[in-house]
Structures are given as structure tokens and as C-alpha cells.
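Heads up, the thing below is written out as C-alpha cells.
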Amino acid sequence: MERVELLSPAGDLERLKIACIYGADAIYIGGKDYSLRANASNFNFEDIKEGCDFAHKLGKKVYLALNIVFHNEDIEGVYDYIKNVVDLGIDAFIVSDLFLVRYIKSNFSVEVHLSTQASITNYQSVLFLKQEHIDRVVLAREVSRDDIKKIIEKTGVDIEVFIHGAMCTFVSGRCVLSNYFTNRDSNRGGCAQICRFCFDINEEDEKFSMAVKDLNMASYIKDLIEIGVKSFKIEGRMRSPFYLAVVLSSYRRIIDAIYDNKLTDDLLEKELKILGRVANRDNSTHFYFKEADLTDQYYTGRQESSNQDYLGIVIDKDNHLYTINQRNYFKLGDEIEIITPNMDIINYKVDNLYNEKMEEITVANQADSILKIKIDFDLPKFSMLRKKYLD
Ligand code: SF4
């Protein structure tokens, strides 16, 4: 049986590779132009080529977002850009403007997916897009579970939905807060996250924020598979490699357990714990089962703490001597976990530690330094060390 696709974001080449080896079936990226995350490093033509080659060798796909809101001045260069990118091996374009659907489908044999930015919420719109030979529609995040089901039943078009990550306070990014507050156009990649700001609302120092909680559909993956969703999208081209590895491997284990008939309450509880640990906000299911309301939002704002759980990544190995690029503080005697591209979670006690010159040390306290550790079992390259998530 064809399994549902797990679709990961990647803000640069390193993240694309991490996503490929930590369980994604496909990766969506942005080029230097025409995509909505101007603050991500994004991909130049060489990166796109290398990313496509890397992903294709592992049987994964790469989708390129061309989903800004196009103004007249954006149109001139886009035709050449599309041609160049098709030649690099992209598997699909994610577009929001309807002229691109017809233009790409008429001129190239490459898939076109309609972006969530187009705010599709009903089956008539999807039927219209079907006439334009659209390959997939990414629904607006504001669509309920029953409407997703109805759209799939009435259209037969492949449907993708977001299952995890940050939400917009406005309809799927159709927001001009950043334009007014920072002179940056949200709909051309300039979102400054104004909805997360805290605003004074009176002289008594009372605050007001529009920030919403994150989306987490881990408990309802089976239901979404059963109603016929084809692709599960993770939000976040700005997210770190560590975040991607943790979130992707968690959803990979859940999805595989469902198809292998092995999903248990214990497994789900464990994965929810892992996903909760890597999140920096509370989460909810937002519009899936009811209209979003007060319980899905932080009216008075919230401090967002940085996550110090990521301890390091295996960048090289010589038999059982591993070279680690360190990220956060840890020391001899610490009980930690190692996550691997094979989806394993291994308990490990740090019982030796060396600097780059193989001098013994007791503490790893210089972020981004190179360390060596002898570990008497096999670990693949790109395995990651993290603080202990599970008892
Ligand atoms: S400011 Fe908030 S609501 Fe507006 S586009 Fe950015 S994240 Fe979305």
C-alpha cells in the first residue's frame, strides 16, 4: 500500500540532507527569489542541484516554493527562473498565483502544487483547479477535519495538510501586519512575526498579544490517513536541523507504526513527550475539530525560551572514535540520548571526552567546538546527541 508522504521543510542544504536521512519522503525548499521565507538562507541554483541529486539518490523528492503574492514587477523574471529550476531536477513547484498553475502545466512536465497561501477551503475551488490539471492542493490551515474529508471525496485530487508547527493568526499568511509595523511585506517573504509581539493596551501596563499556539496533529495521524490525505506537511523552513531531526523521526515512527499495525497508546505517549520537549510553545489542533478560540491563543503573550537540548552531531567516525560537533554544554557522567537516522533512540552515559587534539577533558562547554568520544557501538554519521527526553 502506498504510504502517506511526510513532507519536511528545509531552509538550506544542510537541513535538506538532515530531513532526507531523518525520515522525510519529500522536502520543500525556497529559492533565492519568489518564496515566502526571505529570512531563511534559501537555495541558489547550485544548492538546488546538489539538493535534488542528494534527495533523488535516497528516493526522496524536492519541491520548490514559488509562493509569494506576485505583483507586476515580480512577473518579468519568473519565466526564466522556472525554466532554469526545472532543468535542475525539481519534482514540483508550490505556487499560490493561478497564472503559474496554467503556465507551468502548459509548458513543463513537472508537478504543480497549490500553496496553502492560496487559502483553498472548499471542494468547488479544488474542482476548478482540477480542470487546470493541478497535481496537488495544500489546503488552508483553517479547514476542519470534516471539510478535508468532503473535499477529498468530492474531487479525487491529492490533498496535503499541515500537521505540525507554527500557525498564523491570519488566514494562512494573508497578513499585512509586518508591512505596517516594519515595512516588510509578509506576502513576499518579509514576515517579522508581529503577531507574537506584546502590545500595551492601556496605561496600567496591561498587555495584549495575537500569538497563537502551535499545531500538533500527532494523535490524529491515523484518522487523517483514513480520510485520504496524501501528504503531511511540517511547518518551518527556519527551523534548526535538530528540530527537524527530532520532529521528523517522531512522525516517521508514528506513521510507520500505523501502517505496520503497531501503534499503541504507549508509543504515542512517548512520541508526544518527545514532540513536546522540542517545541517552544504549547500546541493544539486548532481548526480540525472546532472553530479555533481563546484556548488556542496567548492573549497576554508568552516568553519563548531557547532550547538547549541539542548537545552535538556526529560528523565523522574512525572505527568507534566519533568526531562530534558540539552545540550545548554537557559533561562527563551525564546521562544523555543519541538519536540516529535509523530512528533509534539510544541511552548513553558520557564516560569519556576528548578535545580535538585527543586531550582528555571533563566538560564540553564551547559551543561549535570539535570533540571526540569513544563509543563502543556503531553510530551512523549525522547521529545527534541530546539531553534525556525519556525516562
Ligand atoms: S505576523 Fe504572524 S500572522 Fe502575520 S504573517 Fe507573520 S506569522 Fe502570520
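The values are calculated or read from the model by the stated rules, or taken from the named source; none is laboratory data. Just so you know, these numbers come straight off a predicted model, no measurement behind them. All Cβ positions, glycine included, derive from the backbone under ideal geometry; neighbour counts span all protein chains shown. All accessible areas refer to the heavy atoms of the entire protein, side chains included, with ligands and DNA or RNA removed. Shrake-Rupley method; radii C 1.70, N 1.55, O 1.52, S 1.80 Å.
Name every residue in the range 201-234 that is more than 25 Å from Tyr63 (Cβ to Cβ), among the hydroxyl-bearing types (Ser, Thr, Tyr) and modelled with pLDDT of 90 or more, in order of residue number. Ser219 - this is the single residue of the range 201-234 that is more than 25 Å from Tyr63 (Cβ to Cβ), among the hydroxyl-bearing types (Ser, Thr, Tyr) and modelled with pLDDT of 90 or more.
Being more than 13 Å from the ligand (Cβ to nearest atom), among the polar types (S, T, N, Q) and within 23 Å of the chain's Cα centre (by Cα) is the requirement here; does Ser186 meet it? Taking the combined requirement at face value, the residue does not satisfy it.
Of the residues that sit in the range 152-173 and are closer than 15 Å to Met210 by Cα and open to solvent by 70 Å² or more (accessible area, probe 1.4 Å), which one is farthest from the ligand (Cβ to nearest atom)? Only one residue tops the list, namely Val171. The requirement of being open to solvent by 30 Å² or more (accessible area, probe 1.4 Å), in contact with a helix residue (DSSP H, G or I) (Cβ under 8 Å, 6 or more places away or on another chain) and in contact (Cβ under 8 Å) with a residue 24 or more places away in the chain is fulfilled somewhere in the range 335-344, by at least one residue.
Taking the range 216-231 as the range and being open to solvent by less than 20 Å² (accessible area, probe 1.4 Å) and more than 17 Å from the chain's Cα centre (by Cα) as the test, the residues that pass are Leu224, Ile227, Val229. Going by what's in this entry, would Ser8 be described as modelled with pLDDT of 95 or more, buried (at least 17 other Cβ atoms within 10 Å of the Cβ), of a type in the set (S, T, N, Q) and in contact with a strand residue (DSSP E or B) (Cβ under 8 Å, 6 or more places away or on another chain)? The answer is yes for Ser8.
From the set of residues in the range 174-210 that are in contact with a Cys (Cβ under 9 Å, 6 or more places away or on another chain), under 18 Å from Glu304 (Cα atoms) and among the aliphatic types (A, V, I, L, M), which is most open to solvent (accessible area, probe 1.4 Å)? So the residue we want is Met210. Set side by side, the residues Ile82, Ile94, Ile90 differ, and just one is part of a strand (DSSP E or B), in contact (Cβ under 8 Å) with a residue 12 or more places away in the chain and under 19 Å from Val112 (Cα atoms), which is Ile94. With the condition kept exactly as written, say whether any residue in the range 173-188 is assigned by TED's automatic domain parsing to the domain that holds Arg281 and either in a strand (DSSP E or B) or in contact with a strand residue (DSSP E or B) (Cβ under 9 Å, 6 or more places away or on another chain) (or both). No: zero hits.
Residue-by-condition table, conditions (1) open to solvent by less than 90 Å² (accessible area, probe 1.4 Å); (2) in a strand (DSSP E or B); (3) under 23 Å from Asp368 (Cα atoms):
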| site | (1), (2), (3) |
| --- | --- |
| Phe287 | yes, no, no |
| Ala292 | yes, no, no |
| Thr295 | yes, no, no |
| Gln308 | yes, no, yes |
| Leu311 | yes, yes, yes |
| Lys317 | yes, yes, yes |
| Ile324 | yes, yes, yes |
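Among the residues of this structure, Asp351 does not count as one that is part of a loop (DSSP other than H, G, I, E, B), loosely packed, with under 12 Cβ neighbours inside 10 Å and charged (D, E, K, R). Remark: pairs (first residue in the range 108-127, within 20 Å of Met167 (Cα to Cα) and in the same structural domain as Asp97 (by TED's automatic domain parsing); second residue modelled with pLDDT under 95 and open to solvent by 60 Å² or more (accessible area, probe 1.4 Å); Cβ separation under 7 Å; 6+ apart in sequence or on different chains) = Ser119/Val171; Ser119/Arg174.
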